[in-house]
Each structure stands twice: as structure tokens, then as C-alpha cells.
2 protein chains.
Amino acid sequence: MRILLVGAGGRLGGAVRRALEAREHEVVGVGRSGGDLVADITDPQAVSRLYAEAGPLDAVAVAAGDAVFKPLDELTSGDVDATLRGKALSQLELVRQGARHVAPTGSFTLVSGILTEEPIVAGAAASAANGAVEAFVRAAAIELPPRRINAVSPTVAEESLPSYGPFFVGMEAVPAARVATAYVRSIEGAQTGQIYRVR
Amino acid sequence: MRILLVGAGGRLGGAVRRALEAREHEVVGVGRSGGDLVADITDPQAVSRLYAEAGPLDAVAVAAGDAVFKPLDELTSGDVDATLRGKALSQLELVRQGARHVAPTGSFTLVSGILTEEPIVAGAAASAANGAVEAFVRAAAIELPPRRINAVSPTVAEESLPSYGPFFVGMEAVPAARVATAYVRSIEGAQTGQIYRVR
């Protein structure tokens, strides 16, 4: 399959790319500042240009999402806006526009995270964004057929512990390669509306 | 208690006001165009003015939220933005700013809805907003103590069937007065981080 992978240059994205290429898929990697294609997916017009440039696609997968981590009493309204836009609205827009570009047999695989159900201090905005993504996936799944949509909801990746470890104290980390397996399941499987939790 | 009730003039808000006044609480009703206080809570500056005008508060409850209902292939990026702002960001902002205004023993009661778990056609944006609200409630509950926060998640109200009935075909409706009971439970109870589902 020809798969658009947003965030291909990140720690998770790199693992997803390797897992997909090992399955002999063609990966079109998207990054904000580099990759096969460059796009800032928080801008709906950039998403339009991205799909115009990408050509035919069998699947869209997202392994990127920006969230602001701050204690609730330090979080600004701008931080909340940026997190909802960076992790939720951006992914919703990829689906909203992508439904016209992805093959009828194709799929969308979004990314949420453990904070939907298991909050951490300083993660309230990220929790909100993840909750939006998961509820949207369940809802879009009844309107997109024959196209499918799922989300992968990882806990913190071992590879991310140097930067995010202090937020996830006492929570088990998983290798990004394990998270990547769930992307393969979503893309090659037949389910829709699922949240694949990797914990 | 002295309770700020946002959306007091709506169908659900009216039922919540009656339930709270029957419990001898003082309700300060907020509406976009009328009420004891007037505010458009989608504007963070209006939320600041609202809290400055409201005076001391023991609780904040929300019975309002604007969502766009359209089939996924007709939904615009503006519709998604407006729904996230109208139902999710607005409520998050009431909590974010309200934590400095509500009594230490006080509480926040937000509103989500059945679409978080049970999607309907044309409800994808509303589902996303509800999912954001519920995940935020779980997250804020670990940072707000001693203040509390819960959400009420109703199915469609019987009183709303004339306008929303066609979207909720085959789903049982409940009287707004039953939904209002969950607000009383949230405000007078001791739990936090809960989603009170009224179905």
C-alpha cells in the first residue's frame, strides 16, 4: 500500500516507518520541516496542499501531535488552544479532507494516548486533545465506510523517557516498535472505530 | 451555595436551575443574550469579565454548549473549530480561570453527552468536543483539589426532541429534570473526576 505517514521523522514515526517498510508498504513521510513532503498539519490550507502533492493514497497514518504540558494553574488559554489544534484539530482535518483522497478500501490511523483515561499532573490539555481524537474516531467510523478509521493510544515510549519521563513517573514505558505494531494492525486489518491501546 | 449556572435560559439549564433552587441554592444564571449575567463563554476575555462580575462562588455549572451537526462529508474545518470552541474550549476556560474564583470547597460541573461513546450520523464534531470535555474532567480532577470537577453526560432530553429528535432516532430520551438531578449530585456530593451518565 501507499501510505502517508505524518510525523515520519519523529521517534514514534521512525518506528512506524520501519514497521510499514518491513511489510513492503511504500511510505510517504511528512514532517513539519523535512521528509518526503513538508506540511504543518495545524493549517487546513497546508493539509489541502499536502493531499494535492501526495497523489493516490491507500492509507493515512499520524504519528505526530503537539501538546503543551504545564500544571493546570500555569496553563494559558493559548496553551489549551495550541494543544487542541496541535493534536486534535490537525488530525480531524487530515480525516475530513482525506476522505476525498484516500482509496475506498483505505484507512486512517490517528494517535491519541494513555492520558485519555489515565491523567498525569501537567497533562490536562493533552488529555482533552486525546479524548477528542478517540471520540471522533468512534464517530467518524460510522460515516466513513467503506474507508476505515482507528486510533493508536500508546503509553509513553521508552525512547521518549529522556524528555517526557518526569511526567510519567511510575508508569511503564513501551518500546516505540511495539506501538508501531498497532499501526500495522490498524492499516492491514479490517476493524474500524477501534482504539488500540499499547500499554 | 452560590452557584454560577451557564446556559440557565436553555431547556436543560432551566431544569437545572429549578433543581438547584428547590435545594435552596442561590443561582446566578448566565446567558449569551440574557440572564442575571450576560457572557459569550467562547471568548476568554468574556469569561474573565464574567468572573469579575459574578462575585464569590461556591460552584460553577454548565448547561450550555454549541455544536454543529452535519454529515462528515459536509462538515467544514470552520464547523469543527466552532464546535470544539463552543462546547469544549469554552468549558475548559471556565475551569481554567474559575479555579481562582471558586471557593476552595467548591466544584465545577461540566456537560458532555452520550455522543462520546455512542456516535450518531452528523455528530462527529460534537463527539470530539464531548470526548475532550470528559478526558479533561478526569485530568483536572487530579490538579484541582480541594476543588472538585465532574461532568454530566446526558442522552438527548425529551424536551429537545422537536429539534434534535431526527439525529437520535431509536435512542431513548430522558426528561431534563432527570439530567438536572445529576448536577445536584455533582454539586452537593463529594466525588471528583466522575462522568455522570444519564441515560
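As an exercise: evaluate B:GLY65 against (1) in contact (Cβ under 8 Å) with a residue 60 or more places away in the chain; (2) open to solvent by less than 10 Å² (accessible area, probe 1.4 Å) and give the number of the one condition it does not meet.
The failed condition is (2).
Only residues that are facing chain A (nearest Cβ under 8 Å) and either of a type in the set (Ser, Thr, Tyr) or part of a helix (DSSP H, G or I) (or both): list them for the range B:98-124, please.
B:LEU115, B:THR116, B:ALA124
So if I check each of A:GLU134, A:GLU143, which one is buried (at least 19 other Cβ atoms within 10 Å of the Cβ), of a type in the set (Asp, Glu), in a helix (DSSP H, G or I) and within 14 Å of another protein chain (Cβ to nearest Cβ)? Full working, then the answer.
On the way: A:GLU143 fails: in a helix (DSSP H, G or I).
Checking each option against the conditions leaves just A:GLU134.
Would you check which residues across the range A:62-81 are within 11 Å of another protein chain (Cβ to nearest Cβ) and over 24 Å from A:GLY170 (Cα atoms) and list them?
A:THR76, A:SER77, A:GLY78, A:ASP79, A:VAL80, A:ASP81
Here's the yes/no breakdown for (1) basic (Lys, Arg); (2) open to solvent by less than 20 Å² (accessible area, probe 1.4 Å); (3) touching a Phe, Trp or Tyr at 6+ places or on another chain (Cβ under 9 Å):
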| residue | (1), (2), (3) |
| --- | --- |
| B:ARG18 | yes, no, no |
| B:GLY29 | no, yes, no |
| B:SER33 | no, no, no |
| B:VAL38 | no, no, no |
| B:THR42 | no, no, no |
| B:VAL47 | no, yes, no |
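May I ask you to say which residue of B:ALA46, B:ALA82, B:ALA64 is part of a loop (DSSP other than H, G, I, E, B) and aliphatic (A, V, I, L, M)?
Details: B:ALA46 fails: part of a loop (DSSP other than H, G, I, E, B); B:ALA82 fails: part of a loop (DSSP other than H, G, I, E, B).
B:ALA64 is the lone residue from the list that is part of a loop (DSSP other than H, G, I, E, B) and aliphatic (A, V, I, L, M).
The values are calculated or read from the model by the stated rules, or taken from the named source; none is laboratory data. What you are looking at is a predicted structure, and each value in this text was computed from that prediction instead of being measured. Counting neighbours? That spans all protein chains shown, and the Cβs are built from the backbone with ideal geometry, glycine included. Accessible surface areas use protein heavy atoms only, side chains included; no ligands, DNA or RNA. Shrake-Rupley method; radii C 1.70, N 1.55, O 1.52, S 1.80 Å.
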